[in-house]
Structure formats: structure tokens, C-alpha cells
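Rule-based calculations on the coordinates, nothing more; no lab input. None of these values were measured; they are calculated from a predicted model. Counting neighbours? That spans all protein chains shown, and the Cβs are built from the backbone with ideal geometry, glycine included.
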């Protein structure tokens with residue numbers, strides 16, 4: 001007995017995306033540069049966005065969140081710091097800083113205000129990002145508070 005596969009050209013081939021094919025035509029946040037590799041536009045993905053973020057030496061991004069998208073981050077180079085506001089502890093609003101190094105992963109839940117910082121004075125920080133939405137969702141915010149999300 002042979003399993004019948006649906007006639008769906010999307011699932012019939014692999015897609016190779018080399019760095020020369022990355023696009024900067026994606027949502028951006030001040031202080032960082034996002035490049036898109038895997039998306040609906042680039043390969044026809046339906047539920048996944050993947051790319052890179054570059055934060056120059058001695059730079060910090062603007063505050064932002066990624067809407068309903070879950071975000072997974074893999075640190076390729078540098079020592080980026082991920083900053084968010086504590087809402088569960090004894091000091092609500094206190095900034096929590098996750099200091100990372102190459103090989104580390106960071107998970108950003110939906111709607112969590114955060115920013116990336118690169119305190120290194122010489123080395124750019126590069127991370128690979130995967131999101132559970134087809135395209136990059138970026139909502140820039142004035143601060144890290146949850147009230148900035150609702151207005």
C-alpha cells in the first residue's frame with residue numbers, strides 16, 4: 001500500500017537561501033539591522049520567519065515586542081544582552097538583563113517588551129532568529145513597560 005501525498009508544490013523541494021539572497025526589506029528597530037532569510041516572500045513559508053539581527057558595537061536597540069509571535073534566538077557571535085522588565089518579582093518594572101555568549105539560546109514569549117544591547121566596544125553581535133509567524137512582526141515601543149503595549 002502506498003501513502004498518497006497531496007499535490008502540493010510547496011512541499012516538493014528544498015530551498016537554499018545564501019547570504020547574498022538575504023533581504024533587509026523587513027520590519028526594523030532603531031539600533032539594530034534585521035535581515036530576512038526564510039519567509040513567505042523568500043521561500044513561500046507559511047508559519048515560519050527566520051533571519052539574523054546585527055547590533056553594532058556599543059549600541060542598543062529601541063524597545064519593542066513581536067506581537068503574537070514566539071521568537072527563538074541563537075547567539076552566533078558577540079555577547080548581546082537582552083533586557084526586559086520584571087513583572088513577576090518583588091520589584092515590578094525593574095530591568096532584568098540576560099547576558100549571553102555564542103552558543104546560547106533565548107526565548108521571547110509573545111508581546112514581551114524587550115531590547116537588545118551590545119556593550120562590547122569593538123565587536124558586532126549577530127544572532128539568528130526564528131519566529132512562529134510567516135513574517136517578522138515588530139512593534140516599536142517608548143519603554144519596556146507593559147502599559148506601553150496597550151497605549
Discussion item. Looking at the chain as a GNM with Cα springs under 10 Å, which of 23, 39, 61 has the largest mean-square fluctuation?
Written reply: 23
Response to the item:
Here the gain from full extension of residue 22 to residue 48, 0.36 nm per residue of separation minus their alpha-carbon distance, amounts to 7.8 nm
Fill in: Structure-derived percent of Cα pairs over 28 Å apart: which label, when the choices are (i) 25; (ii) 37; (iii) 18
(i)
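What relative contact order, as a whole-number percentage, does segment 60-110 give when Cα pairs under 8 Å and 6 or more residues apart are counted? If you can, show how the numbers build up before the last one.
Values: 72 pairs, mean separation 24.4, N = 51.
Taking the mean separation of contacting Cα pairs over the length of segment 60-110, I get 48 percent.
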Worksheet entry | the chain: calculated mean residue ellipticity at 222 nm from DSSP helix runs of at least 4, using -39500 (n - 2.57) | -500 deg cm²/dmol
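Expected output is a single nm value to one decimal: the length gained when fully extending between residue 56 and residue 111, i.e. 0.36 nm times separation in residues minus the C-alpha distance. What is it?
On the way: separation 55, 0.36 × 55 = 19.80 nm, distance 2.47 nm.
In short, 17.3 nm is gained.
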Worksheet item: So what's segment 78-151 giving for Rg/Rh, alpha carbon basis, Kirkwood Rh from the mean inverse pair distance?
Response: 0.97
Discussion item. Suppose each label sits 7 Å from its Cα in the direction of the beta carbon; what would the residue 143-residue 33 distance come out to in nanometres?
Written reply: 3.2 nm
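With contacts defined as alpha carbon pairs under 8 Å and 6 or more residues apart, what's the relative contact order of the chain in percent?
Details: 356 pairs, mean separation 44.4, N = 151.
The normalised contact order for the chain reaches 29 percent.
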